[in-house]
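Below you'll find the structure, written out as structure tokens, and then a few comments.
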Amino acid sequence: MKKQKKDKKKKINRYLLIGTLGFFVLIFIFIYYNGKAREQKLKDKGFDSVAIVEKLKLNASKGTTGTEDIVYFYFVKGDTVFHKISSLHSGTIKRLKIKLNDAFLLRIVKDDYSIKKVNYKVRIDTFIDKRKYHIHRYNTLIHKNKIE
């Protein structure tokens, strides 16, 4: 009788392990192909622009244990200034010597401005004054308050 209960528990534990493993494999596949789709959109439907740094945040807390560097930047499309946020590994701002009002090469998707790639290694010698533009778009109200 005891042997049957142990066999049942082993089968249940085995099915639970297989189910959990399958769940994590599906999540990994979803994340992988979503990243590939975003890269493909950036390649096909992207345009080049200039990202100008407007605020830097060194070693900002990331969850409970980690830190990251945050770069607030803006770019101009038409007559609108779009303010965006980019997070980097901790220490990247110091290593790349990023300063306020530096300009970098930006690749962004026309349809979805959340898909972007800033090349912090390619500096551009230019400056775009955001005060000349009347329309400003921020991610959230909190983002707007942090910038202003």
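The values are calculated or read from the model by the stated rules, or taken from the named source; none is laboratory data. Small disclaimer: the values here were computed from a predicted structure and weren't measured. Note that we place each Cβ from the backbone using ideal geometry, even for glycine, and neighbour counts take in every protein chain shown. For the accessible areas, the whole protein counts, side chains as well, though only heavy atoms, and no ligand, DNA or RNA atoms are used. Shrake-Rupley method; radii C 1.70, N 1.55, O 1.52, S 1.80 Å.
Using +1 at the C-beta of Lys and Arg and -1 at the C-beta of Asp and Glu, which of 128, 115, 61 has the Cα lying farthest in the positive direction of the dipole of region 1-129? So the residue furthest toward the plus end is 61. Between 0 and 90 degrees, the angle of helix 2-45 with respect to the longest Cα principal axis of the chain falls at about 20 degrees. Summing Cβ point charges (Lys, Arg +1; Asp, Glu -1) relative to the Cα centre of region 78-129 gives a dipole of roughly 440 debye. Under a model in which nothing but the beta-carbon of Lys, Arg (+1) and Asp, Glu (-1) is charged, region 25-104 shows a dipole of about 140 debye around its Cα centre. The listed residues 43, 130 rank as 43, 130 when sorted by accessible area, largest first, using a 1.4 Å probe.
Residues in region 1-145 average 75 Å² of solvent-accessible surface per residue, probe 1.4 Å, ligands and nucleic acids excluded. Value of Rg to Rh for the chain, rounded to two decimals, is 1.22; Kirkwood radius and Rg both from alpha-carbon coordinates. Bridges between two residues of the chain, per DSSP, are antiparallel at a rate of about 90%.
Ligands, DNA and RNA left out, the 1.4 Å accessible surface of region 43-101 is 49% carbon and sulfur atoms. In this structure, the amide hydrogen of residue 90, modeled 1.01 Å from its nitrogen in the peptide plane, lies closer than 5 angstrom to those of 69, counting only residues at least 5 positions away or on a different chain. Solvent-accessible area of residue 111, all protein chains in place: 120 Å² (probe radius 1.4 Å, heavy atoms, ligands and nucleic acids excluded).
Ranked by solvent-accessible area (1.4 Å probe, protein heavy atoms only, all chains present), the residues 95, 38 order from largest to smallest as 95, 38. Return the Rg/Rh value of region 39-86, two decimal places, where both radii are evaluated on C-alpha atoms and Rh is the Kirkwood radius. Checking Rg against Rh, the ratio lands at 1.10. The Cα atoms of region 55-127 define a convex hull whose projected area, averaged across directions, is 5.4 nm².
Here the ratio of the Cα radius of gyration of region 106-148 to 2.2 N^0.38 Å is 1.40.
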